[in-house]
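Read the structure below first, then the notes.
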């Protein structure tokens, strides 16, 4: 995703996402230590899944994440899971924003929500890091690599997340979940490339299994970087986090090397050597070194799986656009890109099996 006015900054709260500001201020006065009004509420432009707001007060600014209003698919938009994982990771090496309060009562603003710290820094929307010097780009990529490796080294039980998901059989469960969501959303339609992935993936899951905390959407534009240093201050958007396979999570992040930049933050077509960005092979090797692995032999399967999974997410966005519940101004554009992602997934599948044309 490239930086644009549609992604950056705040705006007046959209009509579909308005709520009673006074009710929120009253709740924060009771539940958020140090809160003092008056409160001003604006909506962030970026982010298509859960409406996100900037809460400004004379003393401090906060961020509010909530479930969107309207009819939702079962298990989707679970902001309370986000709050739980952020709280659990607060004492680890994984940089996250502080959670100040969680509200499960829909009566306050219409849906469940949580309030966290406003982390000031930079969000990098373009995976080529255009505003960073060539000499510094490898350090930014190393910071991302180090951060996802740190997440995968966290022992779930040690931070109270032993029950955050079902350990084991991650690929089988995820493929079944996203296939069911895709096949079950008749309004969003079918696609032959996606149908091929639905058939091929469950029959080609690699042997062996691992389990760790996974983010599920680890991209450069889901991080806040230090204003001037190659350092990650906070990882954002944990809606898809669970207990899962760390190599699936890493491969999703590394998908940036194959991703067209007009879909989500990607490097496809970029001159990596001229930019000073490590190659995909070197980036994979660096992660292996940070996590004590000698290699990643099933990497191509993980890439195929992640194109499929992202295509399923975009298919879900397409359904929400049709139903009128999508939160983002660029949701329609993402919905239109669903067939491209399915095509990329099918191509990766053929590459991995040696059947590419």
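Mean sequence separation of contacting Cα pairs (under 8 Å, at least six apart), scaled by the length of the chain, corresponds to a relative contact order of 19 percent.
Among 264, 159, which comes first, then next, by fewest other beta-carbon atoms within 10 Å? Intermediate values should be presented prior to the final figure.
Values: 264 23, 159 18.
Least to most surrounded, the residues fall as 159, 264.
Divide the volume of the convex hull around the Cα atoms of the stretch 164-212 by the residue count and you get 84 Å³ per residue.
How big is the Kirkwood radius of the stretch 226-357, worked out from every pair of different alpha carbons and given in Å to one decimal? Could you put the intermediate results ahead of the total?
On the way: mean 1/r = 0.0604 Å⁻¹.
After inverting the mean inverse Cα-Cα distance, the result is 16.6 Å.
The angle between the Cα long axis of helix 79-89 and the main principal axis of the chain comes to about 80°, on a 0 to 90 degree scale. Relative contact order of the stretch 104-220, taken over Cα pairs closer than 8 Å and 6 or more residues apart, is 36 percent.
Considering every alpha-carbon pair of the stretch 182-296, the percent of pairs per 5 Å bin, from zero through the bin containing the longest distance, is 2, 9, 13, 18, 23, 18, 9, 5, 3, 0.
Using helices alone, I'd like the mean residue ellipticity at 222 nm for the chain: each DSSP H run of four-plus residues gives -39500 (n - 2.57), total over residue count, nearest 500.
On the way: 11 runs with 134 residues, N = 357.
Taken over the chain, the calculation gives -11500 deg cm²/dmol.
Can you put 272, 344 in order, fewest other beta carbons within 10 Å first? Display every interim value, and only then the final one.
Details: 272 16, 344 24.
Final ranking by Cβ density, sparse to dense: 272, 344.
Here r is the Cβ-Cβ distance between residue 288 and residue 118 and R0 is 35 Å; the resulting FRET efficiency, rounded to 0.05, is 0.50.
How big is the shadow of the Cα convex hull of the stretch 137-353, averaged over all directions, in nm²?
Numbers: hull surface 50.1 nm².
Across all orientations, the stretch 137-353 yields a mean hull projection of 12.5 nm².
We did not get these values from a lab; they are worked out from the coordinates using the rules stated. All of these numbers come straight from a predicted model, not from anything done at the bench. In this analysis, Cβ positions are derived from the backbone assuming ideal geometry, glycine residues included, and neighbour counts consider all displayed protein chains.
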